[in-house]
């Protein structure tokens, strides 16, 4: 089963970002993601064996209980793999609590805990560096120069929102509207127990 662990922003944050993007969407022929599917991926699990699911749920519950709720904002633009040859446009997500370099970021620790829970359950995890973001659009076959879009998103900041739970979500490819993925929440885990 294809799955991911994510924090899902509340409706007020989704509506704010959607309203910001709405008048700008016609300026480019991107494949825009659906606002009701926006999420902050903490761990991507391409293939979860059925035999590992119960242990994964148990370990994610434990990992979430060890973290405290986080105040976050959607702020800034990101282009993947980089702005000069962008294939994906995203909005950054950041904790509102400043951290020192030595201390690290609570979002990083939450993602690390979710990834460790998956690995200990026998599930392979995407090993890319964690970059907190909401995917907004894909650019198709040819990458684009994305500086203008990143600059535009740099002018946006959402209302603060609490990340007080994470969700284990199953992703059913090409099973949603317009052959997009359909997401199904399998379990949620409150932060701080």
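What follows draws every value from the coordinates through simple rules; no lab data is involved. None of these values were measured; they are calculated from a predicted model. Ideal geometry is used to build each Cβ from the backbone, glycine not excepted, and the neighbour counts take in all protein chains shown.
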### Summary
By the Cα gyration tensor axes a ≥ b ≥ c (a/c under 1.5 gives rounded; else a/b larger than b/c gives prolate, otherwise oblate), the shape of the stretch 4-115 is prolate
### Task
Compare 22, 164, 108 in a GNM of the chain, Cα atoms joined below 10 Å, and give the one with the largest fluctuation.
22
### Task
Take the chain, connect every pair of alpha-carbon atoms lying under 10 Å apart with a spring to form a Gaussian network, then pick out the residue of 141, 13, 119 with the largest mean-square fluctuation.
141
### Message
Along the Cα→Cβ direction, 7 angstrom out, place labels at residue 57 and residue 27. What is the inter-label distance in nm?
### Response
4.5 nm
### Query
Got the relative contact order for the stretch 18-125 handy, in percent, Cα pairs under 8 Å and 6 or more residues apart?
35 percent
### Message
Taking the 0 to 90 degree range and rounding to the nearest ten, how far is the long axis of helix 11-21 tilted relative to the main principal axis of the chain, both from C-alpha atoms?
### Response
30 degrees
### Message
Cut-off 10 angstrom, C-alpha nodes, Gaussian network model of the chain. Which of 173, 34, 152 fluctuates the most?
### Response
173
### Query
Of all the C-alpha pairs in the stretch 112-155, what % are more than 15 Å from each other?
64 percent
### Query
So between residue 148 and residue 12, what do we pick up on full extension, going 0.36 nm a residue minus the alpha carbon distance?
46.4 nm
### Message
Report the Cα centroid-to-centroid distance between the stretch 143-175 and the stretch 109-136 in angstrom, as an integer.
### Response
16 Å
### Query
Remind me, relative contact order of the chain in percent, using alpha carbon pairs under 8 angstrom and six or more residues apart?
34 percent
### Task
Any chance you could give the angle, 0 to 90 degrees and rounded to 10, that helix 53-65 forms with the longest Cα principal axis of the chain?
80 degrees
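Suppose the chain between residue 46 and residue 96 were pulled fully straight at 0.36 nm per residue; how much longer would it get relative to their current alpha carbon spacing? Write down the numbers at each step before the final one.
On the way: separation 50, 0.36 × 50 = 18.00 nm, distance 3.03 nm.
Separation in residues times 0.36 nm, less the Cα-Cα distance, equals 15.0 nm.
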